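Colleague: Before I ask anything, let me first share the structure, which is written out below as structure tokens.
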Amino acid sequence: MSDPGVVPALGEVPLFRPGDKIQVSDRSPIGHYRVPTYLRGKQGSIEKVIEPALVDNEEEGYGRNAGSKRHYYRISFAMMELWQDYAGSPHDGLRIEMFESWLERI
Amino acid sequence: MAEPDRHHDHDHPHAETASPARPGYYEIMETAVRELLVERKLIGADEIRHQIEVIDSRTPALGAKIVARAWVDPAFRARLLADGRAACEEFGVTFYDDTDLIVLENTEKVHNLIVCTLCSCYPRPVLGLPPDWYKLKPYRARAVVEPRAVLAEFGTAIPDDVEVRVSDSTAAVRYLVLPMRPKGTENYGEEELAALVTRDTMIGVTPAGVEARRTAQ
């Protein structure tokens, strides 16, 4: 149990909770990133916080901040949000995991 | 060949056992890096062979045993859905690549399908190596754009009122589909049930069925 007088440092606590609406950052950094381009800029919602925080292998892959951890989330998207002409049920969806560094609050 | 082989004194053709094609870019890269690492004594031939043995020891039969257990044991099923990795570890499955595992349960309302659009992330600790089609671009691209059309090509028709839910693997989490237990298997034992669980049912491209026994994998 956390002591109400103890203030966690930035990054210690996940920024998002299940149900929160998010938008994936629409960035195109050069290099190998684990967020497929078809999801950049798309809106979805947090389904689950993957605990514990995981080593950020996007940074680790380049030898930067090796071993540093980031919060990681399972995110839910509607297929209709991803593809305007999606030919299927409007209930169809997509799930994917992303590091917190790619998520923007909406 | 330096000398004629007695066994080969006949003239019928034999199939090539090795690919006659020149190695590709990545094959040459892999060989070069491996030879450098061995030459610098950072890894040895034994370690390379051991890792091949690790991979070869993982086959869809492992996943099938886990699925069959989940079908007959509700407490295990609950543990498997809550923490896939920990439940598989109960079967002695080790996660040598330190990936997490989310088990996706197919129901009357939701049909799960797994893909890795970026490369070939796959629950290797539980299923072994992925099939070639899973690694090729047509499946990877189409599974997230038109999953129902892809499923139909596998002979799987999903009714419109069932949600198709595609999970795209990226960095640290792998998925395993828990197919629905086929009807008419109430009297089956755990081993008989496991024989109905094919690799494709755990990827989510086909349902488990009494007519789709584990044969040609």
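Bear in mind that the values in this text are calculations on the coordinates, not laboratory data. Quick caveat: nothing in here was measured; it's all calculated off a predicted structure. Heads up, the Cβs are rebuilt from the backbone with ideal geometry, glycines too, and the neighbour counts pull from every protein chain shown.
Colleague: If amide hydrogens are placed 1.01 Å from N in the peptide plane, which non-local residues have theirs closer than 5 Å to the one on B:Leu104?
Modeller: Close amide H contacts, sequence-distant or interchain: B:Leu176, B:Val177, B:Leu178.
Colleague: Semi-axes, largest first, in whole Å: what does sqrt of 5 times each Cα gyration tensor eigenvalue give for chain A? Mind dumping the intermediate values first?
Modeller: On the way: eigenvalues 145, 73, 22 Å².
The equivalent ellipsoid of chain A has semi-axes of 27, 19, 10 Å.
Colleague: Quick one: putting +1 on the C-beta of Lys and Arg, -1 on the C-beta of Asp and Glu, what dipole do you get for the protein assembly as shown around its Cα centre, in Debye to the nearest 20? Working shown, then result.
Modeller: Working: 39 positive and 51 negative charges, 135 e Å.
Here the protein assembly as shown has a charge dipole of around 640 debye.
Colleague: Using the Cβ atoms and a cut-off under 12 Å, what net charge is assigned to the surroundings of A:Gly11, where Lys and Arg are +1 and Asp and Glu are -1?
Modeller: Details: positive: A:Lys69, A:Arg70; negative: A:Glu12, A:Asp56, A:Glu100.
Neighbour charge sum, excluding A:Gly11 itself: -1.
Colleague: Looking at B:Pro138, B:Val115, B:Leu101, which one has the Cα that reaches farthest to the positive end of the dipole of the stretch B:59-203 (charges on Cβ: Lys, Arg +1; Asp, Glu -1)?
Modeller: B:Pro138
Colleague: I'd like the distance separating the alpha-carbon centroids of the stretch B:154-210 and the stretch A:9-65, in whole Å.
Modeller: 29 Å
Colleague: Mind listing the lone cysteines of chain B, meaning no other Cys beta-carbon sits under 4.7 Å from theirs?
Modeller: Cys with no partner Cβ under 4.7 Å: B:Cys88, B:Cys119.
Colleague: How far is helix B:60-72 tilted off the main Cα axis of chain B, in degrees rounded to 10, range 0 to 90?
Modeller: Compared with the principal axis, the helix lies near 10 degrees.
Colleague: Further, regarding this structure: Give, rounded to the nearest 20 debye, the magnitude of the charge dipole that chain A has about its Cα centre when Lys and Arg contribute +1 at Cβ and Asp and Glu contribute -1 at Cβ.
Modeller: Roughly 80 debye, rounded to the nearest 20.
Colleague: Checking the a/c ratio against 1.5 first, then a/b against b/c, what shape does the Cα gyration tensor give for the stretch B:59-203? Can you show the working numbers first?
Modeller: On the way: a/c = 1.73, a/b = 1.16, b/c = 1.49.
In terms of gyration-tensor shape, oblate.
Colleague: A further question on this structure: With the contact rule set at Cα under 8 Å and sequence spacing of 6 or more, what percent relative contact order holds for chain B?
Modeller: Relative CO of chain B lands at 22 percent.
Colleague: Now, a different point. So how tilted is helix B:45-56 from the main axis of chain B? Cα-based, degrees 0 to 90, rounded to 10.
Modeller: 30 degrees
Colleague: Quick check on my link table: of A:Lys69/B:Lys109; B:Lys109/B:Lys135; A:Lys21/B:Lys65; A:Lys42/B:Lys137, which ones sit more than 31 Å apart, alpha carbon to alpha carbon? Please list the in-between numbers first.
Modeller: Details: A:Lys69/B:Lys109 36 Å; B:Lys109/B:Lys135 28 Å; A:Lys21/B:Lys65 38 Å; A:Lys42/B:Lys137 22 Å.
Result: A:Lys69/B:Lys109; A:Lys21/B:Lys65 exceed 31 Å.
Colleague: Then there's this: Once Lys and Arg get +1 and Asp and Glu get -1 on their Cβ, which of B:Tyr26, B:Ala172, B:Leu62 lies farthest toward the positive end of the dipole of chain B?
Modeller: B:Ala172
Colleague: Now, a different point. Given the protein assembly as shown reduced to its alpha-carbon atoms as identical point scatterers, what log10 I(q)/I(0) does the Debye formula return at q = 0.16 Å⁻¹?
Modeller: -1.47
Colleague: Moving on to the next point. Place a point 7 Å from Cα of A:Ser68 in the direction of its Cβ. Which residues in the stretch A:10-25 have their backbone N less than 14 Å from it?
Modeller: Residues A:10-12 fall inside that zone.
Colleague: Average partner chain C-beta neighbours within 10 Å, per residue of A:50-60? Walk me through the numbers on the way to the answer.
Modeller: On the way: counts 4, 1, 0, 0, 5, 3, 2, 3, 2, 0, 0.
Average neighbour count from other chains, rounded to a whole number: 2.
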